[in-house]
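The values are calculated or read from the model by the stated rules, or taken from the named source; none is laboratory data. Please read all numbers here as calculations on a predicted model, not as lab measurements. Positions of Cβ are generated from backbone atoms using ideal geometry, with glycine treated the same way; all protein chains shown enter the neighbour counts.
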Amino acid sequence: MPRRPHTSQQAAALFSILLKCENKWWYGYALMQETGLQSGSLYPLLIRLADDGYLDSRWESDVETARPRREYRLTASGKSLARERLARFSERQRAGHKNSMSKAAS
């Protein structure tokens, strides 16, 4: 059975940060710092989420460097997906914790 998209631990870390400030525009480097994800994990995830309509993205010029940067934020459907995925991720963690506790007690 194929894995459901956007259910990884990396996606959960990203969703957690993006939901804390739902309407804030984030650039990739700031998301790397907040999530601890490496660029090789973060940027493909951002691209997939944007392609699937869960993230808005835009180019903004950095005032200090005048370099354009891509910024991201959750769309309405992205917010719903993020909440649902985080709830499932939390359930999986609780279930895994219960299973590991019952194995340790055996």
Every residue from the stretch 12-64 that is within 11 Å of the chain's Cα centre (by Cα), surrounded by fewer than 16 Cβ atoms within 10 Å (Cβ to Cβ) and of a type in the set (S, T, N, Q)
16
One residue is enough: does the stretch 8-21 have a residue meeting the conditions out of contact with any helix residue (DSSP H, G or I) (no Cβ under 8 Å at 6 or more places or on another chain) and either on the phi > 0 side of the Ramachandran plot or part of a strand (DSSP E or B) (or both)?
no
Give all pairs with beta carbons closer than 6 Å in which a residue from the stretch 49-64 that is without any contact (Cβ under 8 Å) to a residue 60 or more places away in the chain meets a residue that is loosely packed, with under 12 Cβ neighbours inside 10 Å; count only pairs at least 6 apart in sequence or on separate chains.
59/68; 61/68
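What tally of residues in the stretch 45-94 results from selecting those that are among the acidic types (Asp, Glu) and either outside any helix (DSSP H, G or I) or under 15 Å from residue 29 (Cα atoms) (or both)? Don't jump to the end; show me each part of the working.
Filtering the stretch 45-94 for residues among the acidic types (Asp, Glu) gives 51-52, 56, 60, 62, 64, 71, 84, 91.
If we keep only those that are either outside any helix (DSSP H, G or I) or under 15 Å from residue 29 (Cα atoms) (or both) as well, we get 52, 56, 60, 62, 64, 71.
Summing the residues that are among the acidic types (Asp, Glu) and either outside any helix (DSSP H, G or I) or under 15 Å from residue 29 (Cα atoms) (or both) in the stretch 45-94 gives 6.
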Return yes or no: is residue 33 in contact with a helix residue (DSSP H, G or I) (Cβ under 8 Å, 6 or more places away or on another chain), over 23 Å from residue 88 (Cα atoms) and free of Cβ contacts under 8 Å to residues at least 12 places away in the same chain?
no
Residue 77 fails exactly one of the following numbered conditions: (1) touching a strand residue (DSSP E or B) at 6+ places or on another chain (Cβ under 8 Å); (2) at pLDDT 95 or above; (3) loosely packed, with under 15 Cβ neighbours inside 10 Å; (4) of a type in the set (Ser, Thr, Tyr). What is the number of that condition?
(1)
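Right, residue 83: surrounded by 11 or more Cβ atoms within 10 Å (Cβ to Cβ) and either modelled with pLDDT under 95 or of a type in the set (Ser, Thr, Tyr) (or both) or not?
Details: surrounded by 11 or more Cβ atoms within 10 Å (Cβ to Cβ): yes; either modelled with pLDDT under 95 or of a type in the set (Ser, Thr, Tyr) (or both): no.
It is false that residue 83 is surrounded by 11 or more Cβ atoms within 10 Å (Cβ to Cβ) and either modelled with pLDDT under 95 or of a type in the set (Ser, Thr, Tyr) (or both).
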Every residue from the stretch 50-86 that is under 19 Å from residue 9 (Cα atoms) and in contact with a Gly (Cβ under 7 Å, 6 or more places away or on another chain):
54, 55
